[in-house]
Amino acid sequence: MSATPPRSLLFVSAEKPGRFSKALAGGADLVCVDLEDAVHAEAKPKARADVIGWLASLSAEVRRNVVVRINGLSTLDGLQDVLALSGAAERPGWLMLPKVEYAGELQLLAAWLPSRDARTVALIETPTGVENVFSIARAGGELAALMLGGADLCAELGVSMAWDSLHHARGRMVNAAKAAGIQAWDVPHLSIADAVAIEDETRRVLALGYDCKAAIHPRQLSAIHAAFRPSSSEVAWATALTASAPSDLTGAFSVDGQMVDAPVLRRARQVLARAAQPNER
């Protein structure tokens, strides 16, 4: 797993191959080509072939930043996606499995598609998936992240896609991910143009412990990335704290009247690492 998790993931429909390269140039850390919800049923065979061909045209470095969301393993399209990828000359850096409800689904995917250094993302978007998320997070193999699928989950719960509706699922999922030592990715904000709302929601999920915020349009990326940048006061605090830390810290020390121990120092270093990230990468 990368030491620095992605900040942003941009979805693009596999039905629109003309947009693949544009998505890569859009500034997101990862691009997810979606073979599932974003593709009409009759268009899936062509979309699948287009994605396989496009992957073969990319350099290994670029492919590392590509995610492919396949269809669920309980569907015929999902099985066809697995067969196509198993015979593909090149695979993406990440595979996203939708509507995961049990750890066995990820283990089955790993058996069918043995790793070529591709990491896996489990999309949690049903009440059963939320209930079983702790066992899912420990499925092992190449599982590197859990992602919240908010729209489907809210539909199953019979609620609007609002902060309060998803608060329980967000908290449970991020705790499961961190307990298992993997990343937590958040659902896209539904508004494309409301930069203030996008940045605010991103900051709120970061405060919960999330690592990445998904996007459905390139216009959302600048607001997402802005939310990841620590404020000048946060950077000043972290700089002063790390500069004052003894090299052989074994207990606590004081900086400007604040008691600091190892967990606080670790948080300060995380702030500085985030501040050092380029605005786009």
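For region 1-45, the tally of residues that are assigned to a strand (DSSP E or B) and not β-branched (Val, Ile, Thr) stands at 8. Set side by side, the residues Val159, Val130 differ, and just one is more than 30 Å from Ala88 (Cβ to Cβ), of a type outside the set (D, E, K, R) and not in a loop (DSSP other than H, G, I, E, B), which is Val130. Summed over region 201-231, the residues that are touching a residue at least 24 places away in the same chain (Cβ under 8 Å) and either acidic (Asp, Glu) or assigned to a loop (DSSP other than H, G, I, E, B) (or both) give a count of 8. Would you call Ala207 modelled with pLDDT of 95 or more, of a type outside the set (Ser, Thr, Tyr) and out of contact with any helix residue (DSSP H, G or I) (no Cβ under 6 Å at 6 or more places or on another chain)? Against the criterion (modelled with pLDDT of 95 or more, of a type outside the set (Ser, Thr, Tyr) and out of contact with any helix residue (DSSP H, G or I) (no Cβ under 6 Å at 6 or more places or on another chain)), Ala207 does not qualify. Any residue that is free of Cβ contacts under 8 Å to residues at least 40 places away in the same chain, crowded, with 17+ Cβ neighbours inside 10 Å and small (Gly, Ala, Ser) - is there at least one of those in region 17-34? No, there is no match, as no residue in region 17-34 is free of Cβ contacts under 8 Å to residues at least 40 places away in the same chain, crowded, with 17+ Cβ neighbours inside 10 Å and small (Gly, Ala, Ser). The numbered conditions (1) at pLDDT 95 or above; (2) basic (Lys, Arg); (3) over 18 Å from the mean Cα position of the chain (by Cα) are all true for Arg116 except (1).
Trp237: surrounded by 15 or more Cβ atoms within 10 Å (Cβ to Cβ) and either of a type in the set (Ser, Thr, Tyr) or assigned to a helix (DSSP H, G or I) (or both), yes or no? Spelling it out, Trp237 is indeed surrounded by 15 or more Cβ atoms within 10 Å (Cβ to Cβ) and either of a type in the set (Ser, Thr, Tyr) or assigned to a helix (DSSP H, G or I) (or both). Tally the residues that are crowded, with 24+ Cβ neighbours inside 10 Å and either over 20 Å from Glu15 (Cβ atoms) or of a type in the set (Gly, Ala, Ser) (or both), restricting the search to region 72-105. Qualifying residue count, region 72-105: 1.
Of all the listed residues (Arg119, Arg64, Arg69), the sole one being in contact (Cβ under 8 Å) with a residue 60 or more places away in the chain, crowded, with 16+ Cβ neighbours inside 10 Å, within 17 Å of Cys32 (Cβ to Cβ) and not hydrophobic (A, V, I, L, M, F, W, C) is Arg119. In region 37-57, which residues are more than 30 Å from Ala103 (Cβ to Cβ), hydrophobic (A, V, I, L, M, F, W, C) and surrounded by fewer than 18 Cβ atoms within 10 Å (Cβ to Cβ)? Of everything in region 37-57, those that are more than 30 Å from Ala103 (Cβ to Cβ), hydrophobic (A, V, I, L, M, F, W, C) and surrounded by fewer than 18 Cβ atoms within 10 Å (Cβ to Cβ) turn out to be Ala43, Ala49, Ala56.
Here Ala155 fulfils each of the conditions (1) within 17 Å of the chain's Cα centre (by Cα); (2) aliphatic (A, V, I, L, M); (3) at pLDDT 95 or above; (4) more than 26 Å from Ala226 (Cβ to Cβ) apart from (1). Scanning region 165-203 for residues that are of a type in the set (A, V, I, L, M) and within 13 Å of the chain's Cα centre (by Cα) returns Met173, Val174, Ala177, Ile182, Ala184, Val187. Report whether or not Leu106 is within 18 Å of the chain's Cα centre (by Cα) and either in a helix (DSSP H, G or I) or within 30 Å of Ala275 (Cβ to Cβ) (or both). So Leu106 passes the test.
Residues are listed down the side, and each one gets a yes or a no for (1) out of contact with any Ser or Thr (no Cβ under 9 Å at 6 or more places or on another chain); (2) under 24 Å from Leu30 (Cα atoms):
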position	(1), (2)
Val100	no, yes
Glu131	yes, no
Gly150	no, yes
Ser165	yes, no
Gly171	yes, yes
Ala177	yes, yes
Ile182	yes, yes
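Please verify whether region 79-92 includes one or more residues that are in a loop (DSSP other than H, G, I, E, B), hydrophobic (A, V, I, L, M, F, W, C) and under 19 Å from Asp211 (Cβ atoms). No: region 79-92 contains no residue that is in a loop (DSSP other than H, G, I, E, B), hydrophobic (A, V, I, L, M, F, W, C) and under 19 Å from Asp211 (Cβ atoms).
Of the candidates Ser21, Ser13, the single residue that is over 26 Å from Ile182 (Cβ atoms) and modelled with pLDDT under 95 is Ser21.
The values are calculated or read from the model by the stated rules, or taken from the named source; none is laboratory data. The shown structure was predicted, so the numbers you read here are calculated from the model rather than taken from an experiment. A quick note on method: Cβ atoms are made from the backbone with ideal geometry, for glycine too, and the neighbour counts reach across all protein chains shown.
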